[in-house]
Every structure is written in C-alpha cells, then in structure tokens.
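To start, the structure under review is shown below, and the notes come after it.
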Amino acid sequence: MQRILPILIFLVAIICKGQNRPLLYNVDDLPQSLLQNPGARIDYIRHVGIPFFSQIHLSAGSTGVTAYDIFADDGSGVNQRVRDVMRDISAGDYFSVNEQMEILSLGWKMGDRGYFSTGIYQELDVFAYFPKDPAVLAFEGNADYIGQDFDFSDANFTGEVLTVYHAGFNYKVDPKLSVGGRLKLYSGIFNAESTDNEGVFRTIETPGGPNFYRHEVSGLNVTVNTSGYASLKNEEGMTVDKAVAELMSRSLFGQNGGIGVDLGFNYRVTNQFSVNASVQDLGLMFHQKDVENYNYFGSFQTNGLEPLFPELDDNEATIPYWDIFEDRVDLNLKDETTNNAYTTWRPLKYNASFEFGTGKSILPCDYLISKKPRFMNLFGMLISGVNRPKGSTYGVTAYWDRKVNDHLRFRLAYAVDEFSITKLGFMMSSRFKNFNIYLAANDIIGYTNLAKANSASLQLGMQFIFKNL
Amino acid sequence: MSHSRSIKLVLPAIIFGLLLTSCFKDVDFGQSQDISLEPDLEVDLLFYQLNETDFLDSGTNAFTPVIRDTVRLEFLDDDYIQDGLTYAALRFKHENKFPYEIKSNIKFLRENGRREFNVAYIIPPGSKSSSAVVDTTHILEGNNIVNLQRSIQMVVELEIVGANQSLEGELEFMSKGLFRFEF
C-alpha cells in the first residue's frame, strides 16, 4: 500500500482539477469536519462553539484573471490589459466568493455510538461566470465581430445570502463503519440568479440585401430571478448601508425557506486505510415571498430605417419612422417584470477521500486503557466538487496530517483545482485544556502577494471541545 | 526546546506572519479611474430602393424631379451619444440605374431645422445593365463631432437632372455609421 499510494495520488492529481476546501475535512478532532462529512470519525464527546467565532470561513477566487493582470503597475495601459484579459478569458471562467459564519454550534455524545450536533450558520455564496460575449460587446462593440454571435447565455450567475439551521447525527455502526446525516433548514435572506439564458445578437453583412448589414437579436430568453430584493429596491431613500442593515435584520428569520440534507460515511478498510465520502446541501430553496423576476425575450431583426418619400404638403408631418421602429422593437423584444415563485437547488458539494495512517501513537502502559492507538501521520487524498450552473467544479487535494501530540495537530496540503495548480494549504489546530483554536489557510503562496493570486481562503475558529482521553 | 514545542511555535508564527503581512503588491488600483469602455459600433442607418414611380406624382402622374424625406434619428439624442461619442464615420452608397445624373444631398438637422452638416454629391448616370456607384464616407471627429451630437433629423434629398415623365430606372441607397465611443 505504501508503494501504491504515491502513484495513486499522482494519477488522481493529474486527471482532476477544480475547486475545494479541504483543510478541515477528515480532521477528527474538529466539529467542523462534521459539517463537511456528517459520517466522519470523531474523537470527542462534546463541543460548544464560541458564538459567532466557532467558524469564520472566507474564500474568493477567479479562474481566469488576477488583480495583477488588470492593475499591474508596469507602465502599460490598463485598457490594453483589460482587452488582453478579455481575449484570454473564456465564458467558462468564473468568479466566486463564499463566506460562512457559525452563529451557534454544539454537540454531544448520545449513547455509546451516536453523536448529535446542531447549530446555526450564515452563508453568502456568489458564483458568476465571466459574461464574455456581453462584455466584449460592451467593451469593444460589434465592428470587429461582424458575422459573429454574441451569446446571451454567457450571462450566468447565482448569488445568495441565507441562514442555515441544522441538526445532524453521527452513528458508529461498528468499529469499521460510521455513517451520518444532517438535516438543514434554510432561511433565505437574499437571492438573485440568472441561469439557462438563451439568445444571440449578431450583425451580418448582407451582400445583395437592402443595406450593408442586418442586425439580429435571435431567440432572446433572459431571466433574472430575485427574492429579497424587491422590498429593498422599492423602499424610498434606500442606501447601500440601509440595505445591508435591512439584510442583517433578516439574518435569523429570512422570508423564504428551504430544506436539505448532508449525508456521509467513513469506512475503515484496514487499521491503517480508510475511505469516506459525503454530499452536502442536497437541498432546495423555495422562493415565494418578496420575489421579482425580470424577463427579456423575443426576436428582432432590422436593416435600418427605410424612408418612403411620401408626397407631403409643407404643413404635413413626416412619417414617424423612428416611432414605428421603436414600436416594432417593443412588439418583438419584450421585457416583463413578474412576481412568480421559483425554486433553486443549493450548490451541491461532494467529497470523497481515502486516508492512510502511519506511526502509531505510544499509549500509556496501563491495562485499564482500552483505547486503540492512533496514527500520528495521516496521508490522504480528497476529491471534492461543487455543482454549478454550467457543470461541476472539481479539485483534488493531497495532504499530510500530523498529530504532534494531543494538543497540537497540523495539516499540510497540496491541491490542484481550477484556480491554481500550485495550491499549498496549512491547517493548525491547538487545544489548551478544552479550549480549541484552529486556523486554516489555503493557497499560502498567494498570500505573499494577493494581487497575483487566483484564489485565497481562510478558516478560523475557536470552541470548547471535550474529549474522553 | 523539544521538537514538538519548536513546531508549535515556528509553524504558527510562519503562517500568522504570512497572513498578517499578506498584501497586494506591484499593482495600482488607482488605474480603475482610467478604465474606459471604447466600443466601436457598426450600425445600419437608412436604405431605400426607388424606381421611376417615386419621381411621378401619384395623383397627376406629373414628373417630380426633386423628392425628399426626413427621418428622425432619436438615438442621436441619447446619453451615450451625447456623452461618449468621439468619432463617427458615416458611409453612404448609391447605385444608379437611371440614365440620368442625380444630385444627392444628405442633410443632418437640429430639432429646429437648422442644418448642422450635409453630404452632397452627384451620382453619375447608369444604365439597366450597369449601375453607376458612388460610395463615400463622411468622417466626424474632434470638434466636428458636436455636429452629429446636435443633429436629430436626417434628410435625404434627390434631384434627378434632365429626366422627364418617361424616365425608367432604379436607384438604391445604403448607409451605415461606425460610431466610436469612450465611456
């Protein structure tokens, strides 16, 4: 196994790419690992998080561009750099921001085999593909793109702010297998999404036609759904500060609800080797209140305006060609604002990993102690993904997890994902009596100069964890 | 100092150090002020296809050597034209199959009818089998761009020279604008 493992790690690393947040996964002495895999193995009997501080998670990333690519202080023109970036970046590149803050977190052992955990956390998730064609049209115009389509499907984004109430149960089926599930109730504070858009705009040359070009909007079908936005928009004197305050006031009880589950397991194949997997946020949000949908649809084409040279007296008005043109546009390209309820899937996350332990801990020579020895070094490989509108984003992480002693543990990780192929991560968890504090930072190289980093993420928290040592 | 104790101190110190000293280097976010949208838009303007009937009075069938029409181009009054237009190239193309010379005068007028600028030329006579073509581009840039920004009406005027009631032929007109903006 020790010979096969590096080969396996290498193979998985080169065939996978993606986005991940692996530093707290499989950390059996942190309750946060239960949020990623409710079936994870754990080694504590009770935990209580410091309200609002048991987990603060921030991550942001961009697959196609860094701040340096645009704002480099190298004397060249910023507009040329923007054009270069727009040429290089594709409609599959994306920007993402994710923030989570645990408001409440606690759990305790139930019976010999069970562990109940519950809590509340607030989450912000924004995911937007680069709207390449609309951006090129706005930035460069159509003159250099005669005959080419500008595709409105490139406009594709989701954004939500919600509070999650959750309760989970972890059950040790036998010494090899542990399983778990977590029920989540979502309380939606704000949502905006525009996916599955259709339609193109094109300008084509028309040799033999009535004019130089024909401008076409074909099969336009663009929808932006929002919930929690209309009331902000319609309130008089609303400022950004007031809007943020209003959103904060909805933090605990948002207007729209949803339900979801997390499921997971951990199976110890041998004493040293274990596999595990989980899915998170298999759930739906039902947007029914404070909903506003903006719909743009239709098809239209024009070669310009055609004067008819009517015979007019001096006092007669000319034909209102422009008004007629606008009426035709309005008739064929419509925009509607509706208040239809809609449903969104939460971004499903999935993880699968295997872990290999070496270096057994030395237990006290006491026949009264029945605990199994722990492995001081854990080598693991984690594949994780998130469902997004145009398909899943993947990442793979290889890690070395070192338990220095009962009070200190750290993890070094190397990851490959869609942001970077040189992502180094570090996690440290330390315990002073029952007080635990942890810090995890991914893409450490990027922290040396965030301007050149495609992504950065940080998790930190503090809590009380009680172990039965 | 034991091995574990040194790890306990050194590693967190390195990581905290990295996080605390992390910053944006080699960039100047002040350049965001300089970012401008500079689209070049190709837009069709007017077109027409005329024949002899357009030069005859529909009631009396009398020959009318001069015909004209006015089209309001309301988009010229929009903010993006008024604030962002830096350059315009207006292209006009006539194809004449009338065996007569035709004087074309394309005028751009203000709301009150005052002329801002015009493009006038003579289209040579053509024939049924061969069109006479005039293809011209009128550039507006620099200080002249205000002439277009002040305009709201486009008048197309044609005078057919030397023809009479029995004229036969066709006249085609195409026009477009290349509008360059800076926002």
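The values are calculated or read from the model by the stated rules, or taken from the named source; none is laboratory data. Everything numeric in this text was worked out from a predicted model, so none of it was measured. All Cβ positions, even for glycine, are placed from backbone atoms using ideal geometry, and neighbour counts span all protein chains on display.
Structure notes:
- Only one entry of B:LEU109, B:LEU148, B:LEU140 meets the criterion of being under 26 Å from B:ASP54 (Cα atoms) and surrounded by 18 or more Cβ atoms within 10 Å (Cβ to Cβ), and that entry is B:LEU109.
Residue by residue, here is whether (1) of a type outside the set (A, V, I, L, M); (2) modelled with pLDDT of 90 or more; (3) crowded, with 20+ Cβ neighbours inside 10 Å holds:
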| position | (1), (2), (3) |
| --- | --- |
| A:SER429 | yes, yes, yes |
| A:LEU439 | no, yes, yes |
| A:GLY446 | yes, no, yes |
| A:LEU450 | no, no, no |
| A:SER457 | yes, no, yes |
| A:GLY461 | yes, yes, yes |
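Results for (1) surrounded by 14 or more Cβ atoms within 10 Å (Cβ to Cβ); (2) within 14 Å of chain B (Cβ to nearest Cβ); (3) within 23 Å of A:GLY188 (Cβ to Cβ), shown as yes or no for each residue.
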| position | (1), (2), (3) |
| --- | --- |
| A:THR318 | yes, yes, no |
| A:TYR321 | yes, yes, no |
| A:LEU331 | no, no, no |
| A:ASN339 | no, no, yes |
| A:TRP345 | yes, no, yes |
| A:SER353 | yes, no, no |
| A:PHE356 | yes, no, no |
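- Residues of region A:64-109 satisfying the condition of being farther than 17 Å from A:ASN454 by Cα, loosely packed, with under 14 Cβ neighbours inside 10 Å and more than 14 Å from every other protein chain (Cβ to nearest Cβ): A:ARG87
- Subset of region A:283-312 that is crowded, with 16+ Cβ neighbours inside 10 Å and within 14 Å of chain B (Cβ to nearest Cβ) - its residue that is farthest from A:ASN340 (Cα to Cα): A:PHE309
- Checked against (1) more than 14 Å from chain B (Cβ to nearest Cβ); (2) modelled with pLDDT of 95 or more; (3) surrounded by fewer than 18 Cβ atoms within 10 Å (Cβ to Cβ), A:SER278 passes all but a single condition, namely (3).
- Strands (runs of 3 or more DSSP E) contained entirely in region B:82-183, each with at least 1 residues that are closer than 20 Å to B:THR70 by Cα and more than 14 Å from chain A (Cβ to nearest Cβ): B:101-109, B:115-123, B:132-141
- Among the conditions (1) within 26 Å of A:ASP323 (Cα to Cα); (2) at pLDDT 95 or above, B:ALA120 misses just one, which is (1).
- Only one of A:GLU336, A:GLU316, A:GLU326 that is in contact with a helix residue (DSSP H, G or I) (Cβ under 9 Å, 6 or more places away or on another chain) and either part of a loop (DSSP other than H, G, I, E, B) or of a type in the set (D, E, K, R) (or both): A:GLU326
- Sole residue being of a type in the set (A, V, I, L, M) and either free of Cβ contacts under 8 Å to residues at least 24 places away in the same chain or within 13 Å of chain B (Cβ to nearest Cβ) (or both), chosen from A:ILE465, A:ILE444: A:ILE444
- A:LYS423 passes every criterion in (1) closer than 25 Å to A:ILE50 by Cβ; (2) in contact with a strand residue (DSSP E or B) (Cβ under 9 Å, 6 or more places away or on another chain) apart from (1).
- Hey, B:LEU46 touching a Ser or Thr at 6+ places or on another chain (Cβ under 6 Å), within 19 Å of B:PHE179 (Cβ to Cβ) and facing chain A (nearest Cβ under 7 Å) or not: yes
- Odd one out for A:ALA128 among (1) of a type outside the set (S, T, N, Q); (2) closer than 30 Å to A:SER33 by Cα; (3) surrounded by fewer than 16 Cβ atoms within 10 Å (Cβ to Cβ): (3)
- In region B:70-114, the residues that are over 26 Å from B:GLU182 (Cα atoms) and without any contact (Cβ under 8 Å) to a residue 12 or more places away in the chain: B:ASN112, B:ARG114
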